[in-house]
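S.K.: Below is the structure I would like to discuss, written out as structure tokens.
The values are calculated or read from the model by the stated rules, or taken from the named source; none is laboratory data. Model, not experiment: these values are computed from the prediction. In this analysis, Cβ positions are derived from the backbone assuming ideal geometry, glycine residues included, and neighbour counts consider all displayed protein chains.
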Amino acid sequence: MSIHIAAKKGDIADAVLLPGDPLRAKFVADNFLKDAVQYTNVRNILGYTGTYNGKKVSVQGTGMGIPSISIYANELFREYDVKRAIRIGTAGSINKDIKIRDLVFAMSACTDSGVNNHRFGGRNYAPTASFSLLKTAWDIAVSKGWEPKVGPIVSEDTFYTEEPDDWKLWAKYGCLAVEMESAELYTLAAKYGREALGIMTISDSLVTGESTSSEERQNTFTRMMEVALETAVS
Ligand code: HPA
């Protein structure tokens, strides 16, 4: 057992999907995994292991934001020797050509995070996806005709930013969407020599003000789950 995950070594697969929402972890286990077993419910942050296409895979909730995913990613890499970590989450579009429900693969994750600012002593580290996972996910999505968008995203420390137009600077420099976790996942994967990828579904648009319902966020967005699972077991 680690501090925040009530699993024994071996209970968690080498490849793990990481939704922020614990109920999305349950949704993936209930709808996509065979023989899924729940290995943790500490703090109601659920984790399951089952099989997909005959291969062992886990899905672990992370909570929202960099400090929360940092706890789970650290424990998964350090205590459970996880090799592949694929975040599945929602993001807000900051690009006019990226619409709600679009799939976005984060090639890199800029951040305003105090965590990396502190970790690197003010230097600017560039959190980057695993090229191999990104290429695999791209090939899978394209083969299904899903036209994913790939590029830099932003992992912000605050959902409610001090200035509502803060996203415009990131957009000007080519970022596609904002979320709150991938930069830390990529940074920790690099630290531990593991592979990570962030696959996002656009749940709202800061450009147009459109959004999806919380029920849709929790229970749909199944394309990203399928791409992530197929990538995880590839
Ligand atoms: N900001 C930050 N994270 C998000 C957003 C957003 O607008 N939408 C979904 N995740």
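S.K.: Mind checking which residues of the stretch 181-217 are outside any helix (DSSP H, G or I), of a type in the set (Gly, Ala, Ser) and either surrounded by 22 or more Cβ atoms within 10 Å (Cβ to Cβ) or more than 12 Å from the ligand (Cβ to nearest atom) (or both)?
M.R.: Hits for the stretch 181-217 are Gly193, Ala196, Gly198, Ser203, Ser213.
S.K.: Is it true that Asp112 is within 14 Å of the ligand (Cβ to nearest atom) and farther than 21 Å from Ala232 by Cβ?
M.R.: Answer is yes for this residue.
S.K.: If I ask for residues that are under 18 Å from Cys175 (Cα atoms), polar (S, T, N, Q) and surrounded by 13 or more Cβ atoms within 10 Å (Cβ to Cβ), which ones from the stretch 116-129 would you list?
M.R.: Listed by number, the list holds a single entry, Thr128.
S.K.: Pairs, please: C-beta under 8 Å, at least 6 apart or cross-chain, first residue under 23 Å from Pro67 (Cα atoms) and in the stretch 1-21, second at pLDDT below 95?
M.R.: That search, which allows pairs on different chains as well, returns Ala7/Met1; Asp21/Arg217; Asp21/Gln218.
S.K.: So, one more: Tell me the residue from Ser108, Ser58 that is buried (at least 16 other Cβ atoms within 10 Å of the Cβ), at pLDDT 95 or above, closer than 20 Å to Ala6 by Cα and not aromatic (Phe, Trp, Tyr), please.
M.R.: One residue alone meets the criteria, Ser58.
S.K.: Quickly run through the stretch 80-136 and pick out the residues that are touching a residue at least 24 places away in the same chain (Cβ under 8 Å) and farther than 20 Å from Val178 by Cβ.
M.R.: Tyr80, Asp81, Val82, Lys83, Arg84, Ala85, Arg119, Ser130, Ser132, Leu133, Thr136
S.K.: If you scan the stretch 90-106, which residues turn out to be of a type in the set (A, V, I, L, M, F, W, C) and within 13 Å of the ligand (Cβ to nearest atom)?
M.R.: If the condition is that a residue be of a type in the set (A, V, I, L, M, F, W, C) and within 13 Å of the ligand (Cβ to nearest atom), then Ala91, Ile94, Ile98, Ile100, Val104, Ala106 are the ones that fit.
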